[in-house]
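Peer 1: Can you keep this structure in mind? I'll have questions shortly.
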Amino acid sequence: MTISTINTSIENQKQQLLQHSLYEKVKTIDDLHRFLENHVFAVWDFMSLLKALQNKLTCTTTPWLPNGNPEIRYLINEIVVAEETDLSIEGKRLSHFEMYLDAMQQCGASTSQITTFLENVKATQNIFVSIKGSNLHPNVKAFLDFTFRIIEEGKPHKIAAAFTFGREDLIPTMFTEILKNFQINFPETDLSKLVYYFERHIELDADEHGPMAMQMISELCGESEQNWKEVQEVSVMALNSRIGLWNAIEEQIVQKMELV
């Protein structure tokens with residue numbers, strides 16, 4: 001099996017995401033807030049996928065010892081630097097998650113749901129307890145649960161599959177679709193931080209992180225057909241969980257429209 005084989009097998013899910021009717025539903029500032037207040041959970045749990053890979057594929061403990069393939073170490077560390085300490089629109093060092101929170105606040109979206117959730121994660125010290133006990137939409141819970149089940153299983157090639165095919169490979173095209181709608185529908189709202197966040201991701205993931213992540217998959221799978229098969233299975237599940245997240249956001253927007 002190869003990268004191209006996997007891309008062919010997930011094409012249907014990718015098209016469902018790229019042509020999702022959610023994008024056309026985000027027409028008012030309230031719709032945009034609803035989108036951001038749910039999507040922020042995907043922005044946050046992406047960092048856990050990344051740090052899980054760093055923990056598995058590099059040495060993050062002391063005493064330091066050379067661990068794994070140096071090429072993969074380089075790929076992961078390069079991505080971590082950009083995702084965890086990138087330059088914001090104001091020239092400050094921030095993680096992309098912190099940039100997203102700033103963008104939410106700039107356009108009036110609430111950050112209380114994600115903040116409360118993260119406080120609960122700290123309190124319980126158990127992500128699955130926090131997910132189950134939250135008031136999030138069932139599909140958002142399922143999205144998070146999938147991410148952390150893959151992390152808990154601890155197989156680097158599976159984590160890399162969710163990271164690469166569920167996120168890095170998909171994001172440039174998907175975010176381009178989102179940006180088109182936002183810039184058309186909200187010309188008078190200051191979305192400069194949000195636009196910067198999306199454009200930065202499009203630039204990094206298309207030009208650098210996406211190709212790096214594909215190389216990581218190839219290195220981790222090598223000649224193992226079993227690993228390639230598991231990467232394919234996880235990739236499909238990751239995209240299906242993203243479709244579920246988009247469905248959940250669309251459902252909440254539609255319900256609010258019906259109440260008006």
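The values are calculated or read from the model by the stated rules, or taken from the named source; none is laboratory data. Remember, predicted model here, so these are calculated numbers, not experimental data. Glycine gets a Cβ as well: all are built from the backbone with ideal geometry, and neighbour counts include every protein chain shown. With ligands, DNA and RNA removed, areas are computed over all heavy atoms of the protein, side chains included. Shrake-Rupley method; radii C 1.70, N 1.55, O 1.52, S 1.80 Å.
Peer 1: If you take the residues in the range 165-186 that are modelled with pLDDT under 75 and assigned to a loop (DSSP other than H, G, I, E, B), which one is farthest from residue 12 (Cα to Cα)?
Peer 2: Among those residues, the one meeting the criterion is 169.
Peer 1: One residue is enough: does the range 142-150 have a residue meeting the conditions without any contact (Cβ under 8 Å) to a residue 24 or more places away in the chain and either within 15 Å of the chain's Cα centre (by Cα) or open to solvent by 40 Å² or more (accessible area, probe 1.4 Å) (or both)?
Peer 2: The answer is yes, given that some residue of the range 142-150 is without any contact (Cβ under 8 Å) to a residue 24 or more places away in the chain and either within 15 Å of the chain's Cα centre (by Cα) or open to solvent by 40 Å² or more (accessible area, probe 1.4 Å) (or both).
Peer 1: Are any residues in the range 211-229 under 18 Å from residue 70 (Cβ atoms), free of Cβ contacts under 8 Å to residues at least 60 places away in the same chain and in a helix (DSSP H, G or I), and if so, which ones?
Peer 2: The answer is 211, and nothing else.
Peer 1: Please determine whether any residue of the range 182-203 is open to solvent by 20 Å² or more (accessible area, probe 1.4 Å) and on the phi > 0 side of the Ramachandran plot.
Peer 2: The answer is no; no qualifying residue exists.
Peer 1: So residue 190 passes all but one of these: (1) modelled with pLDDT under 95; (2) farther than 17 Å from residue 17 by Cα; (3) assigned to a helix (DSSP H, G or I). Which condition number does it fail?
Peer 2: (3)
Peer 1: Report, by residue number, each residue of the range 128-140 that is in a helix (DSSP H, G or I), open to solvent by less than 50 Å² (accessible area, probe 1.4 Å) and free of Cβ contacts under 8 Å to residues at least 60 places away in the same chain.
Peer 2: 128, 130, 131
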